[in-house]
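Below is the structure I would like to discuss, written out as structure tokens.
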Amino acid sequence: MTERVAATPGIYPLPDWAKGTLSDLKGHQKGDLLSGDEGGEIAETYGEVRAELVDDQLEAGLDRVAEGQARWDDMIAHPLTVHESVETGGIVRYYDNNNFYRDPRVVDDLDFSGDVAGELEAAADLIDGTNAGDAPLAATLPGPYSLADLATDEHYGDDAEFQAAIADFLAGEVEAFPAHETLFLLEPSLVTNPPADGTEERATDAIATVAAATDADVVVQTFYGALDEKLYAHLVDEADADALGLDLVAGDREDTVYNVQEYGATESIALGLVDGQNTLVEEPETVAERVEWFEGQAPAADFETTYLTPNTELFYLPENKYRAKLSALAAATEVLE
Amino acid sequence: MVRNPSANREQFRPIDHPNDSFLLTTVVGSYPKPKWLNRADELVEDPDSKFDESDLAEAHDDACRLITHEHERAGLDTVVDGEMRRNEMVEFFAERIDGYEFNGPVKVWGHNYFDKPSVVEEVSYDEPWLVDEFEFTTNVAERPVKVPITGPYTLGFWAFNEAYSSTEELVYDLADLVNEEVEKLVEAGARYVQIDEPALATTPEDHAIVGEALDRIVSGIDEDVRIGLHVCYGDYSRIYPEINDFPIDEFDVELCNGDYEQIPTFEDPEFEPDLALGVVDAHTAEVEPVEEIKENIRQGLRVVPPEKLTISPDCGLKLLPREIAYGKTENMVEAARQVEAEIDAGEIDVDAPLADD
């Protein structure tokens, strides 16, 4: 019997009150964004935001609780943009969106940082302080392929070496994480800028390196469309993911179904079911139907776990709609019970 | 198919224009708001204040009068009110078009947010959007007034689409509404309308959608009305020469910011609409000297002859300190007048404009 789990890869919008407070405290310009050593009122405000985001998820009834990643000014590039060995360059476009992040220019060895582990410790304390026994922590990191894709290498000098160094760095970060049930590795670049023919294994090796650093279930979340079939096959076979996350909102879902029918699937699966980039809130019944439709298309429809997720991060949405999307996911698991 | 820019350009030449050559000078639209206007915008939200909506309307009128006159004082041939009544280029129109709703701010980058609206039902036209604003400005102005309107592609793609099966369909419906608005503006006397489509720069592969939308916008609009299209911060090799098929009189583009590296893109094949060239940077807080701006104007002559060249800042100037915005505008006009005189005197070879005189 497949377990259905409502979860998200985090990276939520700031509550509206915090948008104003933090912009007053930090400023609006490129140089005012987070460098990772904040203290005082800024750190306090982020603490309050974290508590609010954890509450949002518990209230919605999600099965996993993310830290919310409110500090991630640069979205999934965050673990690098706050790193000591990284200088931030100009503001560059974040995938095909009207959003921008600071270009992380890696200028020295990527040694241990602990920035994300610190956030997760704080989130774990918040969860322990509630009665959220059924909603353990989900950690989020960029996948090594996407993080290397978003960054500029000015130190390692070789693509393969750079990707491996990023994977080792991320693995080191994961080892410092507090106990977590699930680790989401976000890999949109696998869709938008897939590895060149013949270099797929380098990407899957990098992912496997990070996955090996945790005992938790690892979800490799791909989004902004369907995966190329050859790359899909590599990911299923080599990435050591417990679940591959597939975007059923953007792009052609027939392609995604074809991949699963042709090449099989990971033991568990994550389905991007609610649109993280549109304010239209899906009915729980619609979300549930999408799950059943997909599971029905898969030849061995016997996933250990099906994760019900948004297709992307949720920071694109206004506050009220982000909350509504969390509720839709949680309610959909109840429809399926 | 390009419209007929030579049929509408001369009406903007001032009676007392000093030179035979005429480089039409204009602005993209937005201009720094006087600080007191920002305070007034906040004050009206304050429940403890006696300052109310009618006071704010008066403040907006005052600011529009002030900036229109500031444009005239800088010597511009065509003027704008500096968009003193507008907050943001999508929000302002979404508030006036039925079918949009607002849910709150979303992140663009860092702590910069935008109240990105959602289209929740078919869009429709209710009250005119800009006719009152145009009538006010044209009454206080001595020079012809240009009206900037955010284009349907940007109004569609910079919103959440909840209602249409494709955003392309939404864009075409919006284009029909823009057409209705342009008709009303023309009835009110407007002769210079600029469609702003910054979103095209981020998704140049959609140029055909923008072309189809423009066809709808200009449907039934006489050729004595000048229709411009403003785009900024893009890779123009991806939309040129397709621009030549757009039904516009003038293409307005920022190239000063990129040091005119993209000028060769427009040299071949022959550029068909008039070129409105950005000759001062909208994102540097130093006023360019007249001599430097004259060099920038010569870059435009590589693409079109003087009778097809319009002179403009790169983009709206609203993010600059006001005295810098004024200085840039004033120097820009002075540079245009000097280049005209040099063309008249044969000191600039318009076929080889970068050659030393």
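Between B:ASN244 and B:GLU101, what is the label-point separation in nm under the 7 Å Cα-to-beta-carbon projection?
Simple spin-label model gives 4.8 nm for this pair.
Restricting to Cα pairs below 8 Å that are 6+ residues apart, what does the relative contact order work out to for region A:3-336? Please round to a whole percent. Mind dumping the intermediate values first?
Details: 660 pairs, mean separation 65.0, N = 334.
It comes to 19 percent, rounded to a whole number.
Note down the net charge around B:ASP222, summing +1 for each Lys or Arg and -1 for each Asp or Glu among other residues with Cβ under 13 Å from its Cβ.
Values: positive: B:ARG3, B:ARG191, B:ARG226; negative: B:GLU183, B:GLU187, B:GLU223, B:ASP224, B:ASP249.
My count for the surroundings of B:ASP222 gives -2.
Next question. So how tilted is helix B:131-140 from the main axis of chain B? Cα-based, degrees 0 to 90, rounded to 10.
That works out to roughly 50 degrees.
Calculate how many DSSP beta bridges within chain B are antiparallel, expressed in % of all such bridges and rounded to the nearest 5. Don't skip to the answer; put the middle values down first.
Values: 7 of 33 bridges.
Restricted to chain B, the bridges split so that about 20 percent are antiparallel.
Step through the residues of region A:320-337 one at a time and calculate ³J(HN,Hα) from phi using the Karplus curve (6.51 cos²θ - 1.76 cosθ + 1.60, θ = phi - 60°), rounding each to whole Hz and writing x for Gly and Pro.
For region A:320-337, the Karplus curve yields 5, 6, 4, 5, 5, 5, 4, 5, 4, 5, 5, 5, 5, 5, 5, 4, 7, 5 Hz.
Separation of region B:1-38 and region A:133-168 by C-alpha centroid, Å?
51 Å
Using the count of nearby Cβ atoms within 10 Å as a rough guide to exposure, how do B:HIS230, B:HIS69 rank from fewest to most? Intermediate values should be presented prior to the final figure.
On the way: B:HIS230 25, B:HIS69 15.
In increasing order of surrounding Cβ atoms, one gets B:HIS69, B:HIS230.
Give the residue list of trypsin sites (Lys or Arg not before Pro) in region B:48-88 that are DSSP loop and have at most 10 other beta-carbon atoms within 10 angstrom. Don't skip to the answer; put the middle values down first.
Details: sites: B:LYS50, B:ARG65, B:ARG73, B:ARG85, B:ARG86; in loops: B:LYS50, B:ARG85, B:ARG86.
Here the sparse-neighbourhood loop sites are B:LYS50.
Tell me, what HN-Hα J-couplings in whole Hz come from the Karplus equation 6.51 cos²θ - 1.76 cosθ + 1.60 at θ = phi - 60° for each residue of region B:214-221, using x for Gly and Pro?
Along region B:214-221, the couplings run 5, 3, 5, 5, 8, 4, x, 8 Hz.
Now a separate question. Which far-off residues, 5 or more places away or on another chain, put their amide H under 5 Å from the one on B:ASP274, with H placed in the peptide plane?
B:GLU250, B:PHE251
Moving to a separate point now. Please list the non-local residues whose amide H lies under 5 Å from the amide H of B:ASP196, H modeled 1.01 Å from N, same-chain partners needing a gap of 5 or more.
B:ILE149, B:THR150, B:GLY151, B:HIS230
Something else about it: Over chain B, what is the relative contact order in whole percent, taking alpha-carbon pairs under 8 Å and six or more residues apart? Walk me through the numbers before you get to the answer.
Working: 686 pairs, mean separation 75.1, N = 357.
This gives 21 percent for chain B.
Past the 23 Å Cα-Cα mark, which pairs from A:LYS26/A:LYS325; B:LYS107/B:LYS318; B:LYS146/B:LYS184; A:LYS30/B:LYS146?
Listed pairs above 23 Å: A:LYS26/A:LYS325; A:LYS30/B:LYS146.
Pop the C-beta distance of B:LEU354 and B:MET1 into the FRET formula with R0 = 25 Å and round what comes out to the nearest 0.05. The partial results should precede the final answer.
Details: r = 31 Å, r/R0 = 1.24.
Taking R0 as 25 Å, the efficiency between B:LEU354 and B:MET1 is 0.20.
For the residues B:LYS328, A:LYS26, what sequence is obtained by ranking on other C-beta atoms within 10 Å, fewest first? Mind showing how you got there, number by number?
Values: B:LYS328 26, A:LYS26 19.
Ascending Cβ contact count within 10 Å gives the list A:LYS26, B:LYS328.
For chain A, with the dipole built from +1 on Lys and Arg beta-carbon atoms and -1 on Asp and Glu ones, taken about the Cα centre, which of A:VAL191, A:ILE91, A:GLY47 lies farthest toward the positive end?
Of the candidates, A:ILE91 comes out farthest on the positive side.
Work out how much length B:LEU319 to B:LYS50 would gain on full extension: take 0.36 nm times their residue separation and subtract the Cα-Cα distance, in nm to one decimal.
Working: separation 269, 0.36 × 269 = 96.84 nm, distance 2.96 nm.
So the chain would gain 93.9 nm between B:LEU319 and B:LYS50.
Neighbouring Cβ atoms within 10 Å as the yardstick, rank B:THR137, A:THR45 fewest first.
Numbers: B:THR137 25, A:THR45 20.
Taking fewest neighbouring Cβ atoms as first place, the list is A:THR45, B:THR137.
Same structure, new question: What does the helix-only formula give at 222 nm for chain A: each DSSP H stretch with n ≥ 4 adding -39500 (n - 2.57), the total divided by the residues, and the result rounded to the nearest 500 deg cm²/dmol?
Numbers: 12 runs with 143 residues, N = 337.
Helix contribution divided over all residues of chain A: -13000 deg cm²/dmol.
Related question: Could you tell me how far the Cα centroid of region B:207-230 sits from the Cα centroid of region A:1-76, in Å?
44 Å
Among B:PHE251, A:LEU314, A:ALA241, which residue has its Cα positioned farthest towards the positive end of the charge dipole of the protein assembly as shown, with +1 placed on the Cβ of Lys and Arg, -1 on the Cβ of Asp and Glu, and the dipole taken about the Cα centre?
B:PHE251
Let me ask you something else. Put a dot 7 Å past each Cα toward the Cβ at B:PHE92 and A:GLU254; how far apart are the dots in nm?
4.4 nm
Treating only the Cβ atoms of Lys and Arg (+1) and Asp and Glu (-1) as charged, compute the dipole magnitude of the protein assembly as shown about its Cα centre; round to the nearest 20 debye. Provide the component values of the computation, followed by the final result.
Working: 46 positive and 156 negative charges, 283 e Å.
About 1360 debye.
Only bridges with both residues in chain A count here: give the DSSP antiparallel percent, nearest 5.
On the way: 6 of 37 bridges.
If we restrict to bridges inside chain A, about 15 percent are antiparallel.
Every number in this text was worked out from the coordinates using simple rules, so none of it is lab data. Small disclaimer: the values here were computed from a predicted structure and weren't measured. All Cβ positions, glycine included, derive from the backbone under ideal geometry; neighbour counts span all protein chains shown.
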